[in-house]
Amino acid sequence: MTSRTGSAPRIDLHAHSTASDGTLTPAGLVGAAFDAGLDVLAITDHDTTAGWAPAVGALRPGLRLVRGAELSCRWSGAQPAVPLHLLAYLFDPDHPELVAELARVRAAREERGERMVGLLRADGIDVNWPDILAGAGGGTVGRPHIAQALIRAGLVDSVREAFGPDWLGERYRLPKEDIDVFRAVRLVREAGGVPVFAHPRATRRGRVVPDELIAELAAAGLAGLETDHEDHSPAEREHVRALAAELGLLVTGSSDFHGTHKTVQLGAFSTSVEAYERIVAEGVTEVASG
Ligand code: AMP
Ligand code: ZN
Ligand code: FE
Ligand code: FE
C-alpha cells in the first residue's frame, strides 16, 4: 500500500467523535486525520455508527476510512463483572440484532448517567442531567460528559481529576448494562465485522481480564488485540504482543483519540500494514476512500 508521505503508512484504528465522547465532529475528525498526515483512520465511537455517514462525506484524497465502533462489553466470569471494550470493524451497520443491541446499550447509558447525576446531587453537588445530555449533543453519553459538567461547575480542574476515585472513577461510578463479551464477538462476526479487543491490559483503568479469557475469546472468533495504546505500560504491551503471537491474533496500535477530552493526539500509535490488510480482508464493509 502507498502512503501519502512516501514513508511508512500511518494507520490509526481507534478514534472518537461527537457521535460519542470525542470533541470533534465526525467531519472534523476526518479533517484532523488528513491534516495529521494519516493514511488510514478508523472511526470507532462508543456503541454507535451515527458518525459513519458524515465521516465518509468529509473524506479527502489519499485518506481511507475504516468504519467501526467500540462496543461496551462485560465479562461475567468475575464478581462484579469486568467491563471491557471491543472494537468492531467493517461490519454491516444494518444487522438487526447488532443494531438492537447497540440501541439498548445507548439507552442504558442514558439511564445510568442520570442515576450517576442523582448520586452527585444527593451529595449536594450542583450538576444537572439536562445540561449533561445537551452537552453530549445527541451522541452516545458517557462519563466524559459528566466530567465536563464537573469542570464547568468548578468542582474539578481536569478530566483526569474527574476520573479520580473521589469522583467518576469510583465513588460516583455506576456499572453499565454492557453486552456479554462472547455475545458481542459472535454478533460482530455474524454482522460480517472484525472484533479486536481494545486496550485489554489497561490496568491503570481498573480491573482487567485473565489471559485464559482472551484465549477463549480467540476460540470464539476474536481477531486481534490492541497492543500499542497509551493506557498500556511498555511491559503490558510486550505481554499483549506475546499473547497475540501465541494465540494467532493480529495486533493493532492506535491513539484512542477523543479530541480535547484526552491529551493523546491522532496517530500517537499506529498499526502495521499487514494487520490492517488482514482486517480489511475479513470485513464485509468496504474501506471508504476520498
Ligand atoms: P463510560 O463509557 O461512560 O464508562 O466512560 C468511559 C470513557 O471515559 C472511555 O471512553 C474513556 O476513554 C474515558 N476515560 C476513562 N478513564 C479516563 C481518564 N482517566 N481520563 C480521561 N478519560 C477517561
Ligand atoms: Zn470514550
Ligand atoms: Fe475504550
Ligand atoms: Fe475508545
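No lab work stands behind these numbers, since they all come straight from the coordinates. This structure is a prediction, so every number in the text was calculated from the model and none was measured. Here Cβ is always computed from backbone atoms with ideal geometry, including for glycine, and neighbour counts include all displayed protein chains.
Among DSSP bridges having both ends in the chain, what percentage is antiparallel? Round to the nearest 5. The answer is about 40 percent antiparallel.
Along the axis of the charge dipole computed for the range 143-290 (Cβ charges of +1 for Lys and Arg, -1 for Asp and Glu, origin at the Cα centre), the listed residues Gly193, Thr227, Ala147 are led at the positive end by Ala147.
Rounded to whole numbers, the Karplus 3J(HN,Hα) couplings from phi for the range 116-122 are 4, 5, x, 5, 4, 5, 4 Hz, using 6.51 cos²θ - 1.76 cosθ + 1.60 with θ = phi - 60°, and x at Gly and Pro. Counting only DSSP H runs of at least 4 residues, each contributing -39500 (n - 2.57), and dividing by the residue count of the chain, the helix-based mean residue ellipticity at 222 nm comes to -11500 deg cm²/dmol.
Each peptide in 257-267, 29-39, 82-92 was scored by the mean count of other Cβ atoms within 10 Å over its residues; highest first, the order is 82-92, 29-39, 257-267. Each 10 Å bin from 0 upward holds the following percent of the Cα-Cα pairs of the chain: 7, 29, 37, 22, 5, 0. Based on Cα contacts under 8 Å between residues 6+ apart, the range 195-290 shows a relative contact order of 23 percent. Placing +1 on the Cβ of every Lys and Arg and -1 on the Cβ of every Asp and Glu, with nothing else charged, gives the range 146-199 a dipole about its Cα centre of roughly 140 debye. For the range 240-257, the Karplus equation 6.51 cos²θ - 1.76 cosθ + 1.60, evaluated at θ = phi - 60°, returns couplings of 5, 4, 5, 5, 4, 4, 5, 9, x, 9, 7, 10, 10, x, 7, 7, 6, 4 Hz by residue, with Gly and Pro reported as x.
State to the nearest 20 debye the size of the charge dipole of the range 55-181 about its Cα centre, where the only charges are +1 on K and R beta carbons and -1 on D and E beta carbons.
Details: 16 positive and 18 negative charges, 62 e Å.
Roughly 300 debye for the range 55-181.
Each Lys and Arg Cβ is given +1 and each Asp and Glu Cβ -1; about its Cα centre, the chain then shows a dipole of about 320 debye.
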